[in-house]
Amino acid sequence: MLFYIYIVAITAEAMSGALAAGRRNMDMFGVALIAFLTALGGGTMRDIILGNYPISWTQHPSYVYLTISAGLLTMLVARYMQRLNRMFLVLDAMGLIAFTIIGCNVALSLEPKYHYSTLVVVMAGMMTGVGGGIFRDILCNRTPQVLRHELYASVSLLVALLYLGLKYIGIDENINMSVSFVVGLSIRLAAIYWNWSLPVFSYSPNKWQ
Amino acid sequence: MLFYIYIVAITAEAMSGALAAGRRNMDMFGVALIAFLTALGGGTMRDIILGNYPISWTQHPSYVYLTISAGLLTMLVARYMQRLNRMFLVLDAMGLIAFTIIGCNVALSLEPKYHYSTLVVVMAGMMTGVGGGIFRDILCNRTPQVLRHELYASVSLLVALLYLGLKYIGIDENINMSVSFVVGLSIRLAAIYWNWSLPVFSYSPNKWQ
Amino acid sequence: MLFYIYIVAITAEAMSGALAAGRRNMDMFGVALIAFLTALGGGTMRDIILGNYPISWTQHPSYVYLTISAGLLTMLVARYMQRLNRMFLVLDAMGLIAFTIIGCNVALSLEPKYHYSTLVVVMAGMMTGVGGGIFRDILCNRTPQVLRHELYASVSLLVALLYLGLKYIGIDENINMSVSFVVGLSIRLAAIYWNWSLPVFSYSPNKWQ
C-alpha cells in the first residue's frame, strides 16, 4: 500500500514543483529539474546525510522518468488544474505522510552500518517529508513556504513520532501505518480547513546583527 | 586533449563566477568562493550524489588554486573583458561539453562499486555540466539562469546521449570525443546565434497553491 | 576547553539563526530549522565533502536538542537581546575560531582513510567556520552576509593557517590553541571596531554575460 501511495505522492509533488517553475517562467529543462527535485530531493538529502549509498533513486530509474514526465505533462494541463485544487491538497498530505514513514524506515534500515538514535530517525523522516519543497523554493528564489505555513512540518514530526512509538510498542506494521495515515491526514486537513498554524516569530531589523 | 580543455574550461567558469560575484558587490573572499564553486561545484555535487569519495578536487589542489586565482585575477581585468565576450561564450560552450563527458565517465568508472544505469550516467554528465552555474546563481541570490535560458542544459543532455551512444556501439574514444565536441559546440553556438530556446512554461499565480 | 567554547558557540550561532528567521516571519519550525542549520550546517557540509560518515551531529543528539532549544528560546527573549549585542559579537568570534580549529582536526583525523592535502584541511576549517552562516542566508533568501562583510572568512583562513603552522612545527596543542584564539579574536574584534574589510569587487551589469 505504501508503495502505491508513494508513486501517487511523487507524481503530485512533481506537479507542484512544475507549477512553481511555471510561475518563474522557466523552460522545459527547468520544469523537469524542479519537478524531479521537489519529488525526490528530500530523499536525496536524507540519503546523503545518512550516508545511505547508493542513493535510492539512482537504483530506480523509473521514479526519475515518472517525476520528469509528470512535470512536463503539467506544462500542458496546468490550465485545467485549478479545479483539482482540493484533490491536490489531499494527495500532497498523503505524500507528506508516506515520505515521512519511508524516511524513518530508511534510517532504521541502516542500523547494521551506522547506529542512528531516535532523534536522527525522526529527522530523516521529516527531511524526506519536507526537503523537496525546500529545494523547490530555493531554486525558485523564494523563502521556503514550508518554513512559514500552516502546520506542515509539524504534521511530519507528529507522524514520525506516532509511527515510531507504535512500532516500539510492537503494533502490527499494517495497523501502525493505517493509524499514522488516518491521524496525520486528519490533522493536516484540519490545519488547512481551520487555518491552524504555529506561532510565528517576527523580529524587526535593527542595529543588532 | 580533454585534460587541456578541462583546464581552460574551469578557468573560464571561474571567471564567469567572479563576474557574477562582482555584480553583487562581494568582497575578495566571496569572489574566490563563487569562482571556485562555479568551476568545481558541479563536479562536487556529482561526486556527492554518486558516492564518489574522496571528491575529485580534494585530490587535485592545483585545480582549487587555479580557480581561485582566476577569480581574483578577474577583479583586476574585468574592465577589459567585455571585448572578449565572444571568446568567452566559446570557452564556456567547450567547458559545458568537456564537463559533461567527464561527468559521464566518472559515473561509468564507479561500476565495480555501484551499478548506475544509463539514465544516472547521463544525469551525472549533466550535473557536472550545469551544476556550477546553478550554485553560482543561488549564492548570488537570483533564479538560476540555466533554468530559463537558450539551449544550454539541453546541449549537455544531447552531448551525453551522443557520447554514450557512440561509446556503446564501440567507436574509438578519440573519434567519439571529437564528434561529440563538434556536434555539441555547433548546436550550442547555433542556439546562441539564432536564439534557439526550449518552450517556456509561464504560469500565473492564483489561488492554487 | 575547546569543547566548552564549542557548546557556547553553537548556542550563539543558533540564536543568530533564529533572529534571521524572525526577520522573515518564520514559524516555530522554521526558527528551529534555521537555528540548527546555522549552528551545525557548516560541520554537516564539511563531513559530506570529506566523506566523514556518520556525520558528527548524528552521533551527538544533545547538540541537536541544544541548538533547537536555543533557537526556540530566542523567540521569547529576542526583545531583550539588543543590549547583549557586544557579548554576541565576541561569542560569535569565538565560535568562528573554535569551528575552524575543529574543522581542521576533523580533516586531519581522516588521514588513514583519505589523504587530504593542507589546502583541503584549511578549506575544511573554513567550511566549518563560515558554512552555517551561508546556509542561514540562503534559506532566508538573502545574499550571504559572509561574502560581503568585514573580515570574517579571512579570520577563519588566518586561524587555520596559524593553527596548522604551529602544529607543523611541533608546538604543544594547548599553547597552539591559546595562541590561535588570542590572535584570531584580536583580529576579528579589531576588524569590527575599525571596520576593516577586504577589497570589494563591484561589476556593473552590461551586455557581457
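Across segment B:2-193, the mean sequence separation of Cα contacts (distance under 8 Å, 6 or more residues apart), normalised by length, yields a relative contact order of 25 percent. Here the label points at B:Val8 and C:His60, each 7 Å from Cα along the C-beta direction, are separated by 4.8 nm in the simple model.
Split the accessible area of chain B by element, probe 1.4 Å, and carbon with sulfur accounts for 66%. Which shape class applies to the protein assembly as shown: rounded if a/c is under 1.5, otherwise prolate when a/b exceeds b/c and oblate if not, where a ≥ b ≥ c are the square roots of the Cα gyration tensor eigenvalues? Taking the square roots of the gyration eigenvalues as a ≥ b ≥ c, the protein assembly as shown is rounded. Computed on segment C:1-66, with alpha-carbon pairs under 8 angstrom and 6+ residues apart, the relative contact order is 29 percent. The Cβ shell under 14 Å around A:Pro54 holds other residues with a net charge of +1, Lys and Arg each +1, Asp and Glu each -1. From the square roots a ≥ b ≥ c of the eigenvalues of the alpha-carbon gyration tensor of segment A:80-209, which class results: rounded (a/c under 1.5), prolate (a/b over b/c), or oblate? Oblate, since a/c reaches 1.5 and b/c is not below a/b.
The modelled label-to-label distance between C:Glu173 and C:Trp194, using points 7 Å beyond Cα along the C-beta direction, is 3.5 nm. For the pair B and A, the buried accessible area comes to roughly 3400 Å² in total, with a 1.4 Å probe and the value rounded to the nearest 100.
Mind running the shape call on segment B:22-118? Use the C-alpha gyration tensor, a ≥ b ≥ c as the square roots of the eigenvalues: rounded below 1.5 for a/c, prolate if a/b tops b/c, oblate otherwise. In terms of gyration-tensor shape, prolate.
Distances between copies of C:Tyr4, taken at a point 7 Å out from Cα along the Cα→Cβ vector and listed shortest first: 6.1, 6.1 nm.
Once the chain from A:Lys113 to A:Leu73 is taken as fully extended at 0.36 nm per residue, the excess over their C-alpha distance is 10.4 nm.
The values are calculated or read from the model by the stated rules, or taken from the named source; none is laboratory data. A quick note: this is a predicted structure, and the numbers were derived from the prediction, not measured. Note: ideal-geometry Cβ built from the backbone for every residue, glycine included; neighbour counts use all protein chains shown. To get the accessible areas, we keep the full protein, side chains included, count just its heavy atoms, and leave off ligands, DNA and RNA. Shrake-Rupley method; radii C 1.70, N 1.55, O 1.52, S 1.80 Å.
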